[in-house]
Amino acid sequence: MTIFQLVKIALDTLYAEAVSAYGSSADAKITEQMGYLSKSYSELNQVGRKPVNYKDPATRFAYVYKYVASHGNYVVQVLNALRLELEGPIFTTESIRVSCVGGGPGSDIIALLKYLDERKATEKVKKVTCYLLDREQAWADTWTELDDSLKTDLLLHANFQPLDVTNPDSWAQQKKFLQADLFTMSYFVSEVKALDLTGVVTKFWQTLFQEAKPGALFLYDDNGHDAFNSYFDGQWKKAGLKCIIESTNQTTSPSGSEQKSDLGPYLTKFGQSPKLKTPLTYRVLRKP
Ligand SMILES: C[S@@+](CC[C@H](N)C(=O)[O-])C[C@H]1O[C@@H](n2cnc3c(N)ncnc32)[C@H](O)[C@@H]1O
């Protein structure tokens, strides 16, 4: 199954939620929320801005429609680049833990499962325990639907855990997610950098990097803006992580078998296509 096919299944559920909330105005509301997201993303670096709000089902539909397939595909491309650099498998055990920070919409975990499925001849992973860490509880429902739809031989334990990096009370007592073999931060740093005015997000990064186990991998990818890249580079360098692969501001498109036509009737409803081509920055880091 391709990522776009999985996205279509998630969209069907979210569309039903949007129709139940907005009736015949659902399409108009979704189109409006696509505009809300685009505007919010153009202002991510503005100091004092409000956090992007994903609670509304129309907003979540808009996000999954526009961004999840491409973001998932970029993560698959980064994992393949890492594998190439390592000249062999990324994982060395049959059972792995992955923590997806800001991973509520599912893009990161779908990507990891797709990578493991495509590379099953060489990656020996059989079981994935996944922590989806996100401040927006409403994403938990979207994930439940996707979980049922994944056609893979891998055993998957997916746990949605509410966590707000700007609120230490929400993460100080959570410890399991820190034992991950891989942490993903896909389009997450740009979302919280401007909220780091008091250093509260920096405190989260420090805890994450200090308490992760030696050998843990950290995958960062984001929209290419220097402000976010240099902020994140400063955080991991301070913590003494080692960079294994990096790329800065390269124009990237979803690759391989991905076809947006899998989104069926939704493609013509909102006058907008899913995001495809974008400048992308990534880093994969390892804790020594
Ligand atoms: C742009 S989306 C990225 C989602 C996914 N990783 C991807 O690549 O498609 C940002 C995610 O971060 C979450 N988020 C925003 N602020 C957060 C915070 N302070 N703490 C935890 N999650 C947050 C949002 O709910 C949203 O799911």
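The values are calculated or read from the model by the stated rules, or taken from the named source; none is laboratory data. Fair warning: this is a prediction, and the values are worked out from it, not measured in the lab. Glycine also receives a Cβ, built like all others from the backbone with ideal geometry; neighbour counts cover every protein chain displayed. SASA here: full protein model, heavy atoms, side chains in, ligands and nucleic acids out. Shrake-Rupley method; radii C 1.70, N 1.55, O 1.52, S 1.80 Å.
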Inset, instruction - Please enumerate the residues belonging to segment 223-249 that are open to solvent by 40 Å² or more (accessible area, probe 1.4 Å) and in a helix (DSSP H, G or I). - result: Asp226, Ser230, Lys237, Lys238
Inset, instruction - Go through (1) under 28 Å from Ile245 (Cβ atoms); (2) among the charged types (D, E, K, R); (3) open to solvent by 20 Å² or more (accessible area, probe 1.4 Å); (4) under 18 Å from the mean Cα position of the chain (by Cα) one by one and return the number of the condition Asp164 breaks. - result: (1)
Inset, instruction - Tell me, yes or no, whether segment 81-100 has at least one residue that is basic (Lys, Arg) and surrounded by 20 or more Cβ atoms within 10 Å (Cβ to Cβ). - result: yes
Inset, instruction - Looking for whichever is farther than 16 Å from Phe4 by Cβ and without any contact (Cβ under 8 Å) to a residue 12 or more places away in the chain here; the options are Gly224, Gly234, Gly240, Gly271. Which one fits? - result: Gly234
Inset, instruction - Tell me which residues, restricted to segment 263-285, are open to solvent by less than 50 Å² (accessible area, probe 1.4 Å) and part of a strand (DSSP E or B). - result: Thr278, Leu280, Thr281, Tyr282, Arg283, Val284, Leu285
Legend entry - segment 14-36, residues that are surrounded by fewer than 19 Cβ atoms within 10 Å (Cβ to Cβ) and under 21 Å from Ser70 (Cβ atoms): Thr31, Gly35, Tyr36
